[in-house]
Every structure is written in structure tokens, then in C-alpha cells.
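Here the structure comes first, spelled out in C-alpha cells, and everything after it is commentary.
The values are calculated or read from the model by the stated rules, or taken from the named source; none is laboratory data. The model shown is predicted, which means the values in this text are computed figures rather than measured ones. We place every Cβ from the backbone using ideal geometry, glycine too, and count neighbours over all the protein chains shown.
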Amino acid sequence: MNKHAVRLFTLIMNRLIVVLTLLVLSAWLFSGAGEKAARPVPTLTFEAFEPMLAKRNDTVYVINFWATWCAPCVKELPDFEKLNQKYSKQKFRMILVSLDFNRQKESRLIPFVQQHKLKAEVVHLNAPDANAWIAKVNPDWSGAIPATLIYRGDRKIFREGSYTFNELDAIVKQLFTK
Amino acid sequence: MKHFTMLLTLLALSASLMAQGYKVGDKAADFRLRNVDGRMISMADYPDAKGFIIIFTCNHCPYSVAYEDRKIELHNNFAPMGYPVIAINPNDSIAQPQDSFSKMQIRAKEKGFPFPYVLDADQTVYKEYGATRTPHVFLLQKQGADYIVRYIGAIDNNHEDAAKADKKYVKEAINAIERGENPDPDFTRAIGCTIKVRKS
């Protein structure tokens, strides 16, 4: 009888250890995943961001200017995300440049990025003196958004207006062919 | 590479087609558009005006909204000098329901716009002017029977905080033409919302 009790106790303890281990492990995993989802959105001046517009290497860069309040921008975001997924294993880098108002970064932009689980890199541009920098992105840009610059080295394609996934994909494919 | 060049050419072509519209120095056409009070408005209705601050703008765009008080201020400061504001909504109400004529009437009343707020109902005027975004200003000066474009661009250089705007482009441009000089700058770029076009 006594022997039986000891065995039962050991069994329960062993199970308890397994359950506790699982709990700790899952808590650790979840917190890790949580940190990954809440990727930071840095706020940059135009001067700090400008080097991203003219990288001299063989990576394809897709730079999309958008804002949470811009309906056509939000509409095309899933296509950009899809493109980012498709080329994630190649020399490819996408940056979604938010032009949301500074006072709405915490109240609108960050919650939007989290809710939509955006995987592409998001930066927030703090550059109110727009006339000073818009032409440096591209001389054809009047300032309306969405606007997208796609480039690889010297080959640059700019559009003020929306893209479809197929249009984006065709441009990226062309840029990858030497 | 051949395909790429073709693609580039096509894109450049479409960009140049889109880039129609007025440049500084061009003659601007008059229009006849319905105001929120129901009247039809033309520049010809203002025989005493020396010019016009034409602003393509709308209800829904946060950049347009951010500039609402500054548009009112521009009108209140410059209409007595002969340069009234005429605000034109170029957006299609099916593409952007917040910019319908009845919503325009509501917004004009809420803000007490002292200037006409008219609808470019068939979306021809914004194309002729070459407006690409809201807000987008065209400063016109009357010379005889002509309306000459003297400045195209933004109201000032800080959309988010009027107090921090240290370049008041439209104000400076009017002051320049009043002195008989050319505005400098006479063209500026600004972030704004694309014009919402009817899907056919």
C-alpha cells in the first residue's frame, strides 16, 4: 500500500514537471513571438532616409510611400505584402514609408501595422517641408500618394498612383534580369 | 534589357500623358461649377477681382482638412485685396462617398466657409488645370480678359502645424505679384491625396 502511494506520488510529480515545463516553454515562446510581431517603426528625417533611395548594389528596392488615411494606399498594401513574400529569399528589400502625421504615429500608424500584421519593413517619415524633398525621390512626383519607387542600381521606375500585383511583379522580374 | 527599355518607355509615356495641365505663365480657362449654395460659379462673376486663389480640395483628405482653417484665413486676408478663394472639389462621389455634393454642403456649413466650395462634377476642370492632388493651389492673376497662372503648389511648407510653417507660399506669391514681381518660388510640391476618378 505504501509502495503504491509512493509510485502514485512520483507519477503525479513527473506529470506536473512536464506540464510546468510546457507552460514555461510556451510562455517563453509566446513572449518571443509577441516581440517579433511588435517590430519597431522608426521615425526618420528625410536626410536620414535618403540613402535608401540610391543604394549601389544588386538588390531590388521597392520603396512605397503611403499613409493609413490614404484609401488607395491601404488597398494596394496586400499586393505589396504578397510581392515581399514572393521575393523574400532573393536580393530584395521593401520599405513601406508612412507619411502619417507625427501626432498620429502612436494612435494610428502603430495599431495599423499591428492589426494588419505587416511583414514588410515600415518606417515613418517626419519631413513636413515636403517641397524640399519630394523631387529628390523622383522629379515626376507631384506629391500625391500612393507613390512607389522601384530600383536596382541605376535602373529606376517611379509611379505616382496605384499598382496591381502583376504590374509590380513584372517590374521586379525585369529588374532581376541583367 | 530590350523589354526593360520598352517598359521604361511605356511608363515614361504614361507619365508624360498624365503630366498635362497648366504651367506658370499659361492662361487658365474659366469654369462654371455648382456651389454648395446651389448657385453656378464662374470667375467672370467677379468683375472687380484682381485674381483668384483656386484650391482643388475635398472633404475626405486629411491634408485638405489640415488646411481648412488656413484656406479660410487666406480668403479673409486676400479677398478684400481682390484675390478671393474658390475651392473646387475634383473627386468623384462614387469613388469617394465622403466627397459627395451633399457632404460638401454639410462641411461648408460646419466650417462656415466664407468662399465658394464648388463641385467639378464631370471631372474636366481639374484635368484642364493639371491638378494631381488635394489640396493643390493655382494662383491666377487677371490681365485684361485673361487669367494668368502665377503660382502652382502648396499653401505653405508645414501641413501639420501652421505655426511652424515658415514659408507661406501663396501669401508670398500674392505679395510678389502685387509688387509687380514674379513669385519665387512659383511652383512647389506637397504631399496630398490622389484625385479620385470615376471608374468606368
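At a glance:
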quantity	calculated
Qualifying residue in region B:104-120 (condition: within 14 Å of chain A (Cβ to nearest Cβ), closer than 21 Å to B:Tyr22 by Cβ and out of contact with any helix residue (DSSP H, G or I) (no Cβ under 7 Å at 6 or more places or on another chain))	no
Residues that are farther than 26 Å from A:Trp66 by Cβ and either touching a His at 6+ places or on another chain (Cβ under 7 Å) or within 13 Å of chain A (Cβ to nearest Cβ) (or both), drawn from region B:141-169	B:Tyr151, B:Ala163, B:Asp166, B:Lys168
Hits in region B:121-149 - residues which are surrounded by 18 or more Cβ atoms within 10 Å (Cβ to Cβ), among the charged types (D, E, K, R) and more than 13 Å from the chain's Cα centre (by Cα)	B:Lys142
Complete set of residues in region A:123-138 that are touching a Phe, Trp or Tyr at 6+ places or on another chain (Cβ under 9 Å) and more than 7 Å from every other protein chain (Cβ to nearest Cβ)	A:Val123, A:Leu125, A:Asn126, A:Ala127, A:Ala132, A:Trp133, A:Lys136, A:Val137, A:Asn138
Looking only at region B:17-39, and only at residues there that are more than 15 Å from B:Thr124 (Cβ to Cβ) and of a type in the set (A, V, I, L, M), the one that is surrounded by the fewest Cβ atoms within 10 Å (Cβ to Cβ)	B:Leu17
So A:Leu96, is it of a type outside the set (Ser, Thr, Tyr), under 30 Å from B:Ala165 (Cα atoms) and more than 12 Å from every other protein chain (Cβ to nearest Cβ)	yes
Options A:Thr164, A:Thr177: the member that is more than 8 Å from every other protein chain (Cβ to nearest Cβ) and hydroxyl-bearing (Ser, Thr, Tyr)	A:Thr164
Single condition B:Ile174 does not satisfy, out of (1) within 14 Å of chain A (Cβ to nearest Cβ); (2) in contact (Cβ under 8 Å) with a residue 40 or more places away in the chain	(1)
Exclusive hit being within 14 Å of the chain's Cα centre (by Cα) and either of a type outside the set (Phe, Trp, Tyr) or within 21 Å of A:Tyr163 (Cα to Cα) (or both), set A:Pro42, A:Pro72, A:Pro51	A:Pro42
Which listed residue is in a helix (DSSP H, G or I), among the hydrophobic types (A, V, I, L, M, F, W, C), under 26 Å from B:Pro183 (Cα atoms) and more than 14 Å from chain A (Cβ to nearest Cβ), from B:Ile72, B:Ile55	B:Ile72
Region A:121-178, subset of a type in the set (Phe, Trp, Tyr) and either touching a Ser or Thr at 6+ places or on another chain (Cβ under 8 Å) or free of Cβ contacts under 8 Å to residues at least 40 places away in the same chain (or both), residue nearest to B:Thr134 (Cα to Cα)	A:Trp141
Criterion violated by B:Ser64 - all others in (1) within 17 Å of B:Ile53 (Cβ to Cβ); (2) surrounded by fewer than 21 Cβ atoms within 10 Å (Cβ to Cβ); (3) polar (S, T, N, Q) satisfied	(2)
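Okay, residues lined up against (1) in contact with a Gly (Cβ under 9 Å, 6 or more places away or on another chain); (2) surrounded by 13 or more Cβ atoms within 10 Å (Cβ to Cβ); (3) of a type in the set (Val, Ile, Thr); (4) modelled with pLDDT of 95 or more:
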residue: A:Gly32; (1), (2), (3), (4): no, no, no, no
residue: A:Thr45; (1), (2), (3), (4): no, no, yes, yes
residue: A:Ala48; (1), (2), (3), (4): no, yes, no, yes
residue: A:Met52; (1), (2), (3), (4): no, yes, no, yes
residue: A:Lys55; (1), (2), (3), (4): yes, yes, no, yes
residue: A:Val62; (1), (2), (3), (4): no, yes, yes, yes
residue: A:Thr68; (1), (2), (3), (4): no, yes, yes, yes
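The rows are residues; the columns are (1) part of a strand (DSSP E or B); (2) among the polar types (S, T, N, Q); (3) closer than 22 Å to B:Asp45 by Cα; (4) in contact (Cβ under 8 Å) with a residue 40 or more places away in the chain.
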{"position": "B:Ile106", "(1), (2), (3), (4)": "no, no, no, no"}
{"position": "B:Phe113", "(1), (2), (3), (4)": "no, no, yes, yes"}
{"position": "B:Glu128", "(1), (2), (3), (4)": "no, no, yes, yes"}
{"position": "B:Asp156", "(1), (2), (3), (4)": "no, no, no, yes"}
